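Each value in this text was obtained by applying a stated rule to the coordinates, not by laboratory testing. Everything numeric in this text was worked out from a predicted model, so none of it was measured. Here the Cβ is made from the backbone with ideal geometry for all residues, glycine too, and neighbour counts use every protein chain on show.
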Amino acid sequence: MRGFSAEEQKGWAGGISRLLRRYRFLLDAPLLEFFTDELWGGLPLSWQGALADLSSPQLAALLLEKSTPGRQVSYPSVWPLSLLAFKATAHALAFPRGPRGEVGKLVDGKPEEFRGNQWHSSKLHPLFRKHVKPKKQHEIQQLAELVKKLSDLTGCRCVVDVGSGQGHLSRFLAFGLHLAVTAVEEDPHLVGRAIMFDQELLQALKKEQARGTQTAGDLSLRGPSHVVGRVDPQAPWQEFLRLLQRRRGKEGSPAADSLFQVDGTPKTRPSFRGGTAEKGCQNANSLVSDRESCQQAREASASEPQGPWGGGGLRLLSLHSPPPLETPVLLTGLHACGDLSVALLRHFALCPQVVGITSVACCHMKLSVRAAGTSTGPGGHGYPLSTWVSSLPGHQLSYKAREGACHAIEGYALRLAAESATLRTHCFRAMLETVIRAADPTKKRLGVQTIKKAHRLTFEEYIRLGLQRVGLDPNVALDHVALESMLGQQQRVVAFFSLALLLAPVVETLILLDRMIYLQEQGFQCELIPLFNPTFSPRNLVLVAAKTEGLSSAFAGWGAENKNVEREGRNASPEAGRRAGSGWST
């Protein structure tokens, strides 16, 4: 967040809390209750008149897309000033998400780097694209570049990748950028896959070097070290350092103790059953002891027969010595879920050995929050972290608000513009809720498992499948007249969702501002940078901090084109906020 003082950022957070407090109704209203709770009737009459007859492309252009200088917007009717102010304030108070340069350009729905091949990033060596989906290729290349920049600034080459999953980022940092990487992941199945992928890359790299391939000569033969362990946000930083040191000895590390023989060769092939293709969300709230972690890894490794892995390469890959306790390290987390991203911030702030951090957060709904009625001030929860934000009236964020902050507003705007048939599922789910409550009034807001290709079904087919999913009689008699009437309000459902979605980037901005202010309260400077293409990777904001001078100048060119837009938005927001707040009850 370049060019803004700590006081300006506090004022920014205050403006957001006032906006969210005023529009709490939009923020917390579950869309599935659109009909049962008559959500449309809760909007001001003037807003209803302006939005009721808008098509999906008009909603995208007039509401979700941010106005730019010189762009003429033609409204089909006169909008009330309160609605115009709400839109302007929401856009102004959200941190700009457009990344620098060509990263922000799309070709056939994907970043420029996929122009030649929609599955292969031109910025990544082919060895690092294997097993990696395009979205992840885009992310690891961009984040690795930033981590390397931070490494150069701090003079620190030791990186700890927390929540490393299958090791795609760790692999590129180690083999591709010659950094000393320790990958920490709680799921032994994913660690086993990461080690297997490391071995595959090492063998392929040796073959390329034997053939004299020029690009292969730029890669390292030293891969990441892997640790099976859970990082607890509530545990002291000393525990985190001990986790990194768990290698051998009586307790041993899960990776060394259960996956390898004493000489470093694999003991058994790790079990991959139950693992996921992508890194899963971290359950960062509970602490698993060293012995329990070891036992989990032993059980996973013992469930599969012996396999021919080979030996020498894996010792090099996974059992190189961890950094001594006094060695400086950088922390990174690519989409660390919920409180796991908070753990990185706390360890950076409190641990002398952690000299820098890059954090890309996700799953904000999994953040722990302060219980209602407890005393003000930061505590052992994930939000709020800072003393300043915890003192702001209206800073509280419900689960619904935090879950909404994870929605992809750019992608949804594209669906609106294309009048995607998937938009009807909003209305289908709200209709299903009325049928569920009519059948059993005690059942509300039930989790309905995803109904594949729901937009291709008739509403009756969808409702009967939904009833079956929640354990109700799918053959119950349906009031087709009432349901047809609800279906006729589909566009109003989409319009209401679009209003709520407009606040999603504002909520995420408040969460990230809270983290920045927390670091500043601890005496550290930090930057917030839009790193990935937001349409391709919605959680695209990376928080960067370092315990060294020159952070701002080192990253001055990252996302610099947004600076003027940010300044204009912050300057415009107070008046827009007053107008937005004054018109809600009209």
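For segment 190-242, what does the convex hull of the Cα positions come to per residue, in cubic angstrom? The partial results should precede the final answer.
Numbers: hull volume 5.1 nm³, N = 53.
That works out to 96 Å³ per residue.
Compared with the alpha-carbon gap, the fully stretched path from THR450 to ARG21 is longer by 151.2 nm at 0.36 nm per residue.
Might you report the magnitude of the Cβ-based charge dipole of segment 87-245 about its Cα centre, with Lys and Arg at +1 and Asp and Glu at -1, to the nearest 20 debye? Mind dumping the intermediate values first?
On the way: 23 positive and 17 negative charges, 89 e Å.
The calculated dipole for segment 87-245 is roughly 420 debye.
Counting every alpha-carbon pair across segment 462-544, the share separated by more than 19 Å comes to 65%.
Magnitude of the Cβ-charge dipole of segment 398-484, K/R +1 and D/E -1, about the Cα centre, nearest 20 debye? Don't skip to the end; give the middle numbers.
On the way: 14 positive and 10 negative charges, 72 e Å.
Around 340 debye, computed over segment 398-484.
Going from the residue with the fewest nearby Cβ atoms within 10 Å to the one with the most, ILE357, ILE511 rank ILE511, ILE357.
Start at zero, step by 10 Å, and the Cα-Cα distances of segment 1-99 spread as 12, 37, 36, 14, 2 percent across the bins. For the residue pairs LYS148/LYS547; LYS366/LYS444; LYS133/LYS207; LYS130/LYS206; LYS149/LYS207; LYS400/LYS444, the C-alpha atoms sit more than 18 angstrom apart in LYS366/LYS444; LYS133/LYS207; LYS149/LYS207.
Rg and Dmax over the alpha-carbon atoms of segment 393-494 stand at 15.3, 49 Å.
In order along segment 504-515, the phi-based Karplus estimate (6.51 cos²θ - 1.76 cosθ + 1.60, θ = phi - 60°) of 3J(HN,Hα) comes to 4, x, 5, 4, 4, 4, 5, 4, 6, 4, 4, 6 Hz; Gly and Pro are listed as x.
Cα centroid distance between segment 419-470 and segment 142-181, in Å? Each part reduced to its Cα centre gives a spacing of 44 Å.
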